[in-house]
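Have a look at the structure below, then the notes.
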Amino acid sequence: MTAVTTTDNTGKSKLWKPPIVGVVTFVLMFFVIGLGHTFMVLVEHTLGRENTYMASFFIGAGAIVLLWQGIKSRNENLQTWIGFLAALLVWMTWIEFFFMFYGRSNWGMLPRMDGADGLQVSGTYPEYMILGATVGLLLMQLCFYTFDKDTRCNMFLWFQRRLGLQKGLGISTKTSRDRNYAIITFMETIYVTWFCYVWNLLCFDPRLVGNGDLFFAVNMATVFVSFVWSGYCFARLIKFKRISTALRYAIPVGNIFWVSFEVSTKWKLFTDIWVDPWSYKLELSIVLGALMLLVFLLVIAPKKPSELGKTRTG
Amino acid sequence: MKIFIKTFAIAASLLLVGNPASAEKLKLPLGMGGVPDIGAISCEVFNNMMVVGPLGTKRSLLTWGEGYFYAKTGKTIDEILEAAQAADQSWDFDRLTAHLVNFCAADPDAQTSAAVVDLGEHLLQQ
């Protein structure tokens with residue numbers, strides 16, 4: 001067994017210090033979510049709907065192969081990036097495009113209508129109506145993390161403390177070296193995206209909240225919770241020094257903040273440029289350029305040896 | 001006087017019950033997809049619905065049309081298609097719905113009922 005150690009060069013960088021690491025990862029996450037919507041629209045229009053469904057299977061399978069490469073790696077930073085990218089691809093293809101296939105083409109669901117006369121197509125497309133119905137499945141899955149003594153997720157740890165579960169669950173037996181950050185980031189991205197989608201969809205469901213005062217109140221409360229929750233997490237995020245940790249923490253922060261953005265867009269406070277790339281070519285090109293630059297900067301930024309797997313024994 | 005009041009009361013109640021302006025428009029249960037009467041919307045709305053729910057939307061209008069054809073001829077869609085086949089016309093789900101979709105795509109200002117009427121003219125001509 002050998003232990004490789006390298007010099008910690010993060011301290012030499014004048015740029016990659018708090019709060020820069022947190023701010024950059026948060027902005028990156030916000031751009032990724034927005035451009036994820038754009039990517040889906042472009043894929044659908046470029047390949048055509050039927051080809052998209054077919055291609056989805058293979059893109060998702062390719063993402064799993066990529067994930068395996070990340071799982072095999074000992075580099076935490078690489079694991080995090082690969083886990084994140086693979087999850088985005090799997091979510092867009094195996095979840096959203098598959099739901100689109102079932103809702104629009106297979107089951108023949110009718111679009112939900114909106115507007116005063118009920119003659120405008122609502123943004124809750126058939127695939128999102130199906131996604132909203134997965135709330136029970138989501139809650140069932142979240143039980144696993146609630147009762148997992150080895151979880152490191154702050155939200156579940158908070159639940160365990162508040163509900164007095166920790167004594168019954170016992171002490172965690174895993175150290176950071178036992179954790180594979182590729183699969184952790186992969187699952188985190190999937191669950192956070194799923195949770196935030198369902199949260200949004202339930203708040204928009206007219207059967208649950210109507211379309212009058214209760215709808216307004218629930219969505220106002222959603223914006224409030226989303227701002228406070230993401231603001232609290234952002235305040236923690238900007239203290240992060242390690243890029244890999246910040247990147248993983250930014251996934252929920254960006255997604256929770258996005259919930260308020262979705263509500264605001266529904267209220268027409270913002271134009272939803274993400275799903276109309278043909279009308280906003282310049283704007284979206286600039287955002288894409290900025291995203292690529294941020295990714296490049298994060299990749300070349302100095303890392304702690306532990307992030308690169310250089311202190312691990314092997 | 002009593003007879004006058006009674007007559008007035010009956011007339012007033014009949015007016016209130018029979019007044020079409022006071023009738024509420026049909027609404028679907030909240031959360032449900034689609035529109036209450038797909039035969040009474042513009043082709044523009046139909047075209048927008050087709051983008052997001054193509055299969056369900058065209059199937060819904062065809063079902064509306066099947067009711068219309070039955071009311072008009074007393075024949076079910078299978079009986080109509082059988083007669084059409086005898087006259088060397090071949091129709092299936094895709095061809096029937098394509099007729100409706102193409103009609104609406106060509107004339108977004110028309111009503112969807114016009115698309116059904118137009119389909120009927122092709123189907124029932126034999």
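Quick note: the coordinates plus some simple rules give every number you see, no bench work behind them. The structure presented is a predicted model; accordingly, all values stated were derived computationally and were not measured. Here the Cβ is made from the backbone with ideal geometry for all residues, glycine too, and neighbour counts use every protein chain on show.
Structure notes:
- Length-normalised contact order for the range B:35-123 - Cα pairs under 8 Å, 6+ apart - percent: 45
- For residue A:259, net neighbour charge (Lys/Arg +1, Asp/Glu -1) across residues whose Cβ lies under 15 Å away: -2
- Per-residue mean of C-beta atoms belonging to partner chains within 10 Å, peptide B:46-54: 5
- In terms of packing, defined here as the mean over residues of other Cβ atoms within 10 angstrom, the peptides A:239-251, A:98-110, B:85-97, A:201-213 line up highest first as A:239-251, A:98-110, A:201-213, B:85-97.
- Net charge over other residues, Cβ less than 13 angstrom from the Cβ of residue A:160 (K, R count +1; D, E count -1): +3
- Hits among aspartates and glutamates - C-alpha to C-alpha of residue B:27 under 13 Å, sequence gap 8 or more where chains match: A:114, A:117, B:37
- Binning the C-alpha pair distances of the range B:35-123 at 5 Å intervals from 0 yields a P(r) profile of 3, 15, 28, 25, 16, 10, 3, 0 %, listed from the shortest bin outward.
- Sequence-separation-based contact order of chain A, relative, with Cα cut under 8 Å and 6+ spacing, percent: 36
- Using the Cβ of residue A:174 as centre and a radius below 11 Å, the other residues enclosed give a net charge of +1, where K and R count +1 and D and E count -1.
- Between the listed residues A:194, A:93, B:54, the Cα displaced farthest toward the positive end of the dipole of the protein assembly as shown, a dipole computed from Cβ unit charges relative to the Cα centre, is found at A:194.
- Hydrodynamic radius of the protein assembly as shown by the Kirkwood approach over all distinct alpha-carbon pairs: 25.8 Å.
- A straight Cα-to-Cα reach below 19 Å connects residue A:310 with the aspartates and glutamates A:8, A:76, A:178, residues fewer than 8 places away in its own chain not being considered.
- DSSP H segments from chain A that extend 27 Å or more along their own axis, Cα-based, with Kyte-Doolittle mean of 1.6 or above: A:20-47, A:281-300
- By the count of other C-beta atoms within 10 Å, a proxy for reagent exposure, A:117, B:107 are ordered fewest to most as A:117, B:107.
- Once the convex hull of all Cα atoms in the range A:105-154 is built, its volume per residue stands at 128 Å³.
- Inter-chain neighbour count for B:30-39: the average number of beta-carbon atoms from partner chains within 10 Å of each residue's beta-carbon is 5.
- Computed [θ] at 222 nm, deg cm²/dmol, chain A (DSSP H ≥ 4; -39,500 (n - 2.57); rounded to nearest 500): -21000 deg cm²/dmol
- A straight Cα-to-Cα reach below 18 Å connects residue A:14 with the lysines A:239, A:241, A:303, A:304, residues fewer than 8 places away in its own chain not being considered.
- By the count of other C-beta atoms within 10 Å, a proxy for reagent exposure, A:113, B:49 are ordered fewest to most as A:113, B:49.
- Spin-label model, residue A:267 to residue A:14: label points 7 Å out along the Cα-to-beta-carbon direction sit 4.3 nm apart.
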